[in-house]
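J.: I'd like to ask some things about the structure below.
The values are calculated or read from the model by the stated rules, or taken from the named source; none is laboratory data. Just so you know, these numbers come straight off a predicted model, no measurement behind them. Cβ coordinates were reconstructed from backbone atoms using ideal geometry, including for glycine residues, and neighbour counts include every protein chain displayed.
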Amino acid sequence: MLRRTLIAVSLALGATLLAGATVSSQSSSAAPAVVHRHTAGGAKFPAGLAPFLANARVATAKYATNLGRAKRDGYTVIVTRHIPDMGWHFLNPAYTKFDVTKPAILVYAKRGAQWQLVAFEWVFPERPTKSPLPGATYGSFGAACHYKDGTFVFVAAEADCAQKSPESGAAFGFWHPDFVTLHVWVWYPNPDGIFAGMNPLMKPFNKG
């Protein structure tokens, strides 16, 4: 079932992405105070990162303006609708190991009927002990219930998830605990740094 698959993927993405990472237990009964925060990456480009980005761009060029192709290739799960200054997140549940040429999540911007790939994202149960990319910085995403249309609600325990989205009425999809995020702005420039969570140049896309 999709629900079980996604729960397993959210854990596996952290447990297997990098050796040495361990899963933290989730015991809080209240929703986390910090829901989606990212550390600014800084504008200086990290040494040694360019070859990784070159490989990533070549591998994902087919998705740059073709969300339909991405979906046909497995990016079928909409994790979030548009997050301001960031974008829409689409997950491929088959990608459970870190590979810069096969990102687990593609982040798209949308304007009218047109979609533009802007970034990749990976998730971890806690900050990796060994960085997967030179100079990487991280953000976070609080425990949440996700619904099949991409709406979500921050909730500390899966038992507290409503079976339908309070926002749209869409059916429940999956829940995940708190995790650490890694954004990489591979397909759209970000003056705040390639690993920054938010991007001020995304503001024109905030109205869809």
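J.: Would you check which residues across segment 93-110 are under 24 Å from L49 (Cα atoms) and either without any contact (Cβ under 8 Å) to a residue 40 or more places away in the chain or not β-branched (V, I, T) (or both) and list them?
T.: The answer is Y95, K97, F98, D99, K102, P103, A104, I105, L106, Y108, A109.
J.: Out of (1) within 19 Å of V79 (Cα to Cα); (2) at pLDDT 95 or above; (3) assigned to a loop (DSSP other than H, G, I, E, B), the odd one out for F172 is which?
T.: Status for F172: all satisfied but (3).
J.: Sticking with this structure for a sec: Being within 16 Å of the chain's Cα centre (by Cα), surrounded by 21 or more Cβ atoms within 10 Å (Cβ to Cβ), assigned to a loop (DSSP other than H, G, I, E, B) and not charged (D, E, K, R) narrows it down to one residue among Y75, Y95, Y108; which is it?
T.: Residue meeting the stated conditions: Y75.
J.: I'd like to verify a number: residues in segment 81-107 that are closer than 19 Å to H146 by Cα and among the basic types (K, R), how many?
T.: 1
J.: Which numbered condition trips up E126, out of (1) over 24 Å from P51 (Cβ atoms); (2) assigned to a strand (DSSP E or B); (3) at pLDDT below 95; (4) not hydroxyl-bearing (S, T, Y)?
T.: (2)
J.: Scan segment 156-174 and give yes if some residue there is over 16 Å from the mean Cα position of the chain (by Cα), closer than 23 Å to P204 by Cα and not polar (S, T, N, Q), otherwise no.
T.: No, that holds for no residue.
Conditions (1) at pLDDT below 95; (2) not polar (S, T, N, Q), marked per residue:
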| residue | (1), (2) |
| --- | --- |
| L91 | no, yes |
| T101 | no, no |
| L106 | no, yes |
| A109 | no, yes |
| E121 | no, yes |
| S140 | yes, no |
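J.: Whether any residue in segment 142-164 is in contact with a Ser or Thr (Cβ under 8 Å, 6 or more places away or on another chain), over 19 Å from P84 (Cβ atoms) and acidic (D, E) is what I want to check.
T.: No: segment 142-164 contains no residue that is in contact with a Ser or Thr (Cβ under 8 Å, 6 or more places away or on another chain), over 19 Å from P84 (Cβ atoms) and acidic (D, E).
J.: In addition: When you go through (1) surrounded by fewer than 12 Cβ atoms within 10 Å (Cβ to Cβ); (2) at pLDDT below 50 one by one for P51, which number turns out not to apply?
T.: In the conditions (1) surrounded by fewer than 12 Cβ atoms within 10 Å (Cβ to Cβ); (2) at pLDDT below 50, P51 misses (2) alone.
J.: Has segment 155-172 got at least one residue that is of a type in the set (A, V, I, L, M) and in contact with a Cys (Cβ under 6 Å, 6 or more places away or on another chain)?
T.: There is at least one residue in segment 155-172 that is of a type in the set (A, V, I, L, M) and in contact with a Cys (Cβ under 6 Å, 6 or more places away or on another chain).
J.: Test each condition in (1) among the polar types (S, T, N, Q); (2) over 17 Å from V79 (Cβ atoms); (3) out of contact with any Gly (no Cβ under 6 Å at 6 or more places or on another chain) for T151 and report the one that comes out false.
T.: So the condition that T151 fails would be (2).
J.: Residue check, T65 against (1) of a type in the set (V, I, T); (2) touching a residue at least 40 places away in the same chain (Cβ under 8 Å); (3) buried (at least 16 other Cβ atoms within 10 Å of the Cβ), all met but one. Which one?
T.: (3)
J.: When residues of segment 73-88 are filtered for being without any contact (Cβ under 8 Å) to a residue 40 or more places away in the chain and within 23 Å of A171 (Cβ to Cβ), how many remain?
T.: 3
J.: Taking W115, is it under 16 Å from A196 (Cα atoms), in a strand (DSSP E or B) and in contact (Cβ under 8 Å) with a residue 40 or more places away in the chain?
T.: So W115 fails the test.
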